[in-house]
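A short worksheet on the structure shown next.
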Amino acid sequence: MRQISQRRAALIAAILKEVEDKLAPAKGGARYSHAMVRRALSVLKRELDSEASGTVGLDYPLWQYFGGDEHGADWLAGKIRSRTITNQSHHEIEAVLSQYVTAKLAAYNPDFLD
Amino acid sequence: MISGIGESSAPLHHFAGLSDWLSEQSGATDIIVKAAQKLSGGAIQENWLLSVSVGQAGRWLEAGESQLVLRTDAPSSLSVSHGRREEFALMSVAYDAGVAVPQPFALCTQPDIIGAPFFIMQAMTGEGQGRKLVRHPDRSRFGGALVRQLGIEMARIHTITPSIAALSFLSDVPNGISPARQRIAECREGLDTLPQGHPVCEYALNWLEDNLAVWEAEERALTLTHRDFRTGNFLVDDGQLTAILDWEFAAWSHPAEDIAWLCARCWRFGNDGDIVGGLAGFDEFAAGYEQLLPDSIDRGALPYWQVMAELRWAVIALHQAERNDSGAETSLELALSGFMAAEMEYNMLALIKEVSSGAGGRAL
């Protein structure tokens, strides 16, 4: 959660800098800044909506399968790296990872899934 | 049109020492840098379009009004990318081999001229924005011929072999280690330096490692590979390819690495049906490539390298986001790159599933 908060804070800082640049033409402004700001704000909104609903964290498919919110992305990455969790030990692992990615895309870029 | 012109301008005092240096290097005199505009793209490096006036012509500067491109480091960069000296050497070798690259004119490794190493190259015309190219209203007219040209140019790069002395700094493939094994190690190292775990990337890495035996079963000759040859890194003017850009990742590798990178879904900019960079189909590309290097495309290797391509771009994107998230360089473009990694993860899983089921991947 601390990492998500940090990432969110960094994203907000980046949005503010982009808006500030846009409002100060002498400094120049990045191309596509309007579209990027819109996209960033929509990512934030969906993340916050998910959190407010209380049921859909991005790691939720992993918690659901492995049991308990200590079994999130960090934990699973380590288990896969060490080959403690493989295709052989967990036949559904590809499907679980697929659900996890789909949950992330639903928050970050739902158009991609269309 | 010059790609990305007008993104932002720089105070000219930033380039105050440049006129004298340009004069020394080119032999031209009475040079005035009249304007400098940052070109689009370049999350890792910066490109500036310089408008200069020249009194007396020199070796590569004509008298009158001219345009040049200055390429230098962005405020923070990736450790895996070459410095400007190496990139200048790579572009010089490619230019001499007849590859469509901007002519590199002069290199400055001293930080005291503009504050960082840089080089000067020819300003080329053309559109470089990937999204604009794949959505161009005339793409269906020029896409096939363009992709054929891309095939020819990529093949020309792949005719350059490790015997070239000017590229001796590329001796980064240890004996007996295949490029694939090296990329796996690089991606693992890349993931290790990120604050969060990425289970899909780890899964793809294990899959790539498990399939190394098949990949390494036969000897494969190494050639120069661009390693970032994709839509967004070349310029197109009126449907014609004008220049291959951004040589900072070039290395000795297997040609399939370049072909798969160009064909990876992540570089189709949403135009997924046209496999080669969202521009046209594979047959046109292969026709161009094999016009120069007959029967040389290792089609069986492409799905493997496409998984590698998705993984590599995911790791780079996550690192770009980390540059923002860590506070090293506040940039919305960098921040959003990290959120794109989920798309590459999706592609990795889909490709692995296809290859495992015997469907052969998406390259062909």
At what distance in nm do the modelled label points of B:Y95 and B:E329 sit from each other, each positioned 7 Å from its Cα along Cα→Cβ? 2.5 nm
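Ranked highest first by average number of other Cβ atoms within 10 Å, how do B:262-275, B:143-156 line up? Walk me through the intermediate numbers first.
Details: B:262-275: 20.5, B:143-156: 22.4.
Packing order, densest peptide first, comes out as B:143-156, B:262-275.
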Kindly provide the helix-only [θ] at 222 nm of the protein assembly as shown, computed as the sum of -39,500 (n - 2.57) over DSSP H runs of four or more divided by all residues, to the nearest 500 deg cm²/dmol? -15000 deg cm²/dmol
Would you work out what percent of the accessible area of segment B:130-356, with all protein chains in place, is carbon or sulfur (probe 1.4 Å)? 48 percent
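Per residue of A:12-20, how many C-beta atoms from partner chains lie within 10 Å of its own C-beta, taken as a mean? Could you put the intermediate results ahead of the total?
Numbers: counts 1, 6, 11, 4, 2, 5, 5, 1, 0.
Neighbouring Cβ atoms belonging to other protein chains average 4 per residue here.
Averaged per residue, what accessible area in Å² does segment B:130-356 show with a 1.4 Å probe, protein chains only?
Values: 8000 Å² over 227 residues.
Each residue of segment B:130-356 exposes 35 Å² on average to a 1.4 Å probe.
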Measure nothing but the geometry: give the 0 to 90° angle between the long axis through the Cα atoms of B:179-192 and the longest principal axis through the Cα atoms of chain B, rounded to 10°. 80 degrees
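At the nearest 100 Å², what buried accessible area, both sides summed, do you get for B and A when the probe is 1.4 Å?
On the way: alone 15590 and 8230 Å², together 20290 Å².
Approximately 3500 Å², summed over both chains.
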Per residue of B:338-350, count partner chain C-beta atoms within 10 Å of its C-beta, then hand back the mean as an integer. 5
Diffing segment B:236-242: the Karplus 3J(HN,Hα) column from phi (6.51, -1.76, 1.60, θ = phi - 60°), in whole Hz with x for Gly and Pro, holds 10, 10, 6, x, 9, 5, 10
If you stretched the chain out fully between B:H14 and B:Q196, how much longer would it get, using 0.36 nm times the residue separation minus the C-alpha to C-alpha distance? 61.7 nm
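The values are calculated or read from the model by the stated rules, or taken from the named source; none is laboratory data. For clarity, every value in this text was computed on a predicted model and none was experimentally measured. Every residue, glycine as well, gets a Cβ built from its backbone with ideal geometry; the counts of neighbours run over all protein chains shown. With ligands, DNA and RNA removed, areas are computed over all heavy atoms of the protein, side chains included. Shrake-Rupley method; radii C 1.70, N 1.55, O 1.52, S 1.80 Å.
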